[in-house]
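Input: a single structure, listed below in structure tokens.
The values are calculated or read from the model by the stated rules, or taken from the named source; none is laboratory data. Remember, predicted model here, so these are calculated numbers, not experimental data. Methodologically, a virtual Cβ is constructed for each residue, glycine included, from the backbone with ideal geometry; neighbour enumeration extends over all protein chains shown. For accessibility, only protein heavy atoms count, side chains too; no ligands or nucleic acids. Shrake-Rupley method; radii C 1.70, N 1.55, O 1.52, S 1.80 Å.
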Amino acid sequence: MKKLRLFFRYFATATALVVLAFSCKEVPEPDVIEPANPGDEVVFGAELPKTKTVYGEETKTGFPIYWVNGDKVRVASPQCLSGRNTAEYQIAVVGDTQNYATSMTKTGDTGVQWGDAETADFYSIYPSSASTALKVSGEDVTTTLHVDATQFASTSTKNNGTSDYFYAQPAEMGNVVMYAKKAGVTSGSTVELHYTPFSTVLEFELTAPDTYSGNQKSEITIQSLTLTAPEGTTIAGDFGFTFPTGDSANPSIEAATGGSNAITLHFLDNNQYTTVLSTTKTTLKAKMCLMPISGNLAGWKIEVNTSAGTFSKNLAATDSKGTATTLDPGKVHKIKLPALNYASQEWVYSLDSWIPTLPDYTNIYLSELSLPGAWYAGSDEAYQATSNITDLWNAGVRAFAVECRTSSKYSINPWGGGTPEYLCISGTGRKPELANYYTGGTNITTVLDGIKSALASHQDEYAVLVLSYADGGDGGHRAEDHAYFLEGVANALSGYTDIVYSGTITKNTTIGDVKGKLIVKINIDAELTLGNYKAANALISYNPFPLQITSNTNTDLNGLSVPYFSNLSWSTWGDDTETHRSYFRAATAQAMSDPFVWCFSSANRTDCTNTTSEDGTVSNTQVATLSQRKAALKAMSVYSKQIYDNSTHNVWFYYNCGGTHATVKKDGNSSPTKFAQAMNPWLLSTINAKTDASPLGIVMFNQCTGDNATYRGADIIKAIIEMNSKFYLKHAGTSGGSTGGTDTNAAPNDAKAVNGGNAI
């Protein structure tokens, strides 16, 4: 895929820093101040800047900061009474745009109390939490502060006088640090605290694509922004904070170990990514809060994750006009990004690394993700335009399906000699019990080598390999054949233990658990009754293809127009076939209650007619028609919605749209390309018409990288990836809701915005 790398443009305009004060309205002091007695409570000025701080809209003098009712601050004084020299206070205000406090009330039994010194110095910090308790040591006052590496923003619609635009406020203003210092206060005086913003804040301006072509949509959903600093530059995490003493102008900070050099800011409302830029609402302005940091942006990178893929840009020490891109603590720096044009020369636009761009992606359950998949990957036939796994990976494909045959000294080819259609795996002791042998075919290691190569440079992603057994036709459903198949899989995987995931896959497995690894899924198309068979590090399920064929007239099953499911087990296959013979019924109660389930559509051929042998025996090879397959796939989407709404994340959906015959089978007329021409446009239109919040699952189809005008493969891959950007993907350790976070992580409803500064 061609990558476009162009220059980034900065827009440099100065914006004054707005300093928030505890007391914008000065409280007159009496002519004579009576010294306080040791133990008397300190009285603080009743007017302060708002603490659940919110940034107001930009004015001619900067970005005003307002307090929010209920904000909390910490105050300390080295000269006040020992043991009573630090306390927490709560702010009260009566208006939404009030930069002073109506009152300031201690939250504990005691507040800061005067000592016997004639004067005292006072220090205060926002935000207040258990970790921000102020520590007094001699004349020094210190604390530990925190900036989240994952931040949320709530958006609202504004108007600039000519058009509407999105205005995103930091939802968790606790990431914005403010401090106040008041030195030499006479004992008994009211202490007026004036707060200064200290976090480094970036305001990004994003613009919708300015041109559209081909199949591109006239709108684009903004899912998240990720800012990455060079290695060794900490911009999020815990950091030590020491107040300025004497004539010091600024506090000093020290980053703790384990911080992050990246921050992701994402936009989410009601489980949907609703920030959609278009020709009617072209702009989004959003603020990201960093640790107090100085320096320029040389070596920094910004990534914009959208419904169409990820746009990334490398930043520099100067903008296109030569102006330094200098950051300063306590200021808002404005960065206007180029329009998100797919063909822009100012962005790197690629699909080869899309999984890590999902917000908090390591905690996403595997079953929640929609993966583009290549049916018959690695085959030299026309299922795919290329057998090169790396090319498929770079196009966005993350799942690969292979129909296997066993191969040893002799391999069985029921259709006679010649090169087989399928990839082969090596088995030991394969008995040549049928006539017609072959030794040709492509070994499965070609696929494994390709996946290994792709994973080597994408350790923050993962892949899925689905292996099914294709030997034998009518005679290939013998238990001993499947035993050799499983043995062959184990042999093949034994040489790839460095990439094959060896843990246990369950409904609670997340992306973070499998990063850099290959998950192997094995489909068994028979009823194994010979005990337990082991396949090294593989997820196994029973696909009752013969049962589907024989039950296609069962009215309870609605023929082949419904998807089936079977339980998933890790590493071992047992002989408890009764459990695995289940399939979806109308109520789908069993499917939703099973611990871990594989849900799949029917076979990969369509309209294959029954055949009659010379002795008159009719072979039941009738499989689903094209219309039945489409009906089953539509039903899968309904089930997926139910699973998503129930938050059980216990079903892996296998949305198989790959195949061979779109019409009645004729010998020698196998046509995967004709199948793609029939199925792929339907698949694309079905995905684009899908508006509910639920995943598609593993989507296999033909011609992923074939001519897009003919097969629509590139459009389908983008549409599948886009599904992951349209709604919230359920995460481990969260309780769902608008951000998927727990109560302690959820964005506050009353967060608005705070701070001022100059711009880049």
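Could you list, in sequence order, all residues of segment 144-164 that are touching a residue at least 40 places away in the same chain (Cβ under 8 Å) and open to solvent by 20 Å² or more (accessible area, probe 1.4 Å)? Correct list: Thr144, His146, Asp148, Ala149, Thr150, Phe152, Ser154, Thr155, Thr157, Lys158, Ser163, Asp164.
The residue list Pro338, Pro329 contains one member that is assigned to a loop (DSSP other than H, G, I, E, B) and either closer than 25 Å to Thr233 by Cα or hydrophobic (A, V, I, L, M, F, W, C) (or both), which is Pro329. Here Ala171 clears all of (1) under 25 Å from Thr245 (Cβ atoms); (2) at pLDDT below 85 except the condition numbered (1).
Within segment 527-538, identify whether any single residue is at pLDDT 75 or above and open to solvent by 10 Å² or more (accessible area, probe 1.4 Å), and answer yes or no. Looking for residues that are at pLDDT 75 or above and open to solvent by 10 Å² or more (accessible area, probe 1.4 Å), one finds at least one in segment 527-538, hence yes.
What are the residues in segment 628-657 that are on the phi > 0 side of the Ramachandran plot and of a type in the set (S, T, N, Q), if any? Scanning segment 628-657 gives a single hit, Ser647. Kindly establish whether Ala101 is free of Cβ contacts under 8 Å to residues at least 12 places away in the same chain and either over 30 Å from Glu219 (Cα atoms) or of a type in the set (A, V, I, L, M) (or both). No: the conditions fail for Ala101. Selection of segment 230-270 for residues being in a strand (DSSP E or B) and over 24 Å from the mean Cα position of the chain (by Cα) yields Phe239, Gly240, Phe241, Thr242, Ser252, Ile253, Glu254, Ala255. Does Asp121 satisfy the condition of being closer than 19 Å to His194 by Cα and over 44 Å from the mean Cα position of the chain (by Cα)? Yes, satisfied. A Cβ distance below 6 Å, combined with a sequence gap of six or more or placement on separate chains, defines the contacts here; from segment 110-126, residues that are in a strand (DSSP E or B) reach residues that are of a type in the set (Lys, Arg) and open to solvent by 10 Å² or more (accessible area, probe 1.4 Å) in the pairs Gln113/Arg84; Phe122/Lys182; Tyr123/Lys181; Ile125/Arg74. Scanning segment 493-508 for residues that are in a loop (DSSP other than H, G, I, E, B) and without any contact (Cβ under 8 Å) to a residue 60 or more places away in the chain yields a total of 6. In the set (1) at pLDDT below 90; (2) open to solvent by less than 30 Å² (accessible area, probe 1.4 Å); (3) in a helix (DSSP H, G or I), Ile720 fails one condition alone, (1). The test for being modelled with pLDDT of 90 or more and either basic (Lys, Arg) or in a strand (DSSP E or B) (or both) holds for Lys634.
Taking the criterion of being of a type in the set (A, V, I, L, M, F, W, C), assigned to a helix (DSSP H, G or I) and open to solvent by less than 10 Å² (accessible area, probe 1.4 Å), the residues of segment 694-717 that qualify are Ile716, Ile717.
Within segment 115-143, being surrounded by 13 or more Cβ atoms within 10 Å (Cβ to Cβ), over 23 Å from Ile65 (Cβ atoms) and not small (Gly, Ala, Ser) holds for Asp116, Asp121, Val136, Thr142. The residues of segment 286-302 that are assigned to a strand (DSSP E or B) and surrounded by 20 or more Cβ atoms within 10 Å (Cβ to Cβ), listed by number, are Ala286, Lys287, Met288, Cys289, Leu290, Ile302. Here Pro356 fits the description: modelled with pLDDT of 75 or more, open to solvent by 10 Å² or more (accessible area, probe 1.4 Å) and closer than 18 Å to Ile720 by Cα. Within segment 676-695, the only residue that satisfies the criterion of being in contact (Cβ under 8 Å) with a residue 40 or more places away in the chain and among the β-branched types (Val, Ile, Thr) is Thr686.
Contact map, segment 696-714: residues that are more than 14 Å from Met679 (Cα to Cα) and touching a residue at least 24 places away in the same chain (Cβ under 8 Å) paired with residues that are outside any loop (DSSP other than H, G, I, E, B) and open to solvent by 50 Å² or more (accessible area, probe 1.4 Å), Cβ distance under 7 Å, separation 6+ or inter-chain. Pairs shown: Thr705/Asp391. Say whether the condition of being β-branched (Val, Ile, Thr) and either assigned to a strand (DSSP E or B) or without any contact (Cβ under 8 Å) to a residue 40 or more places away in the chain (or both) is met by at least one residue in segment 387-398. Checked against the condition, which is being β-branched (Val, Ile, Thr) and either assigned to a strand (DSSP E or B) or without any contact (Cβ under 8 Å) to a residue 40 or more places away in the chain (or both), segment 387-398 yields no hits at all.
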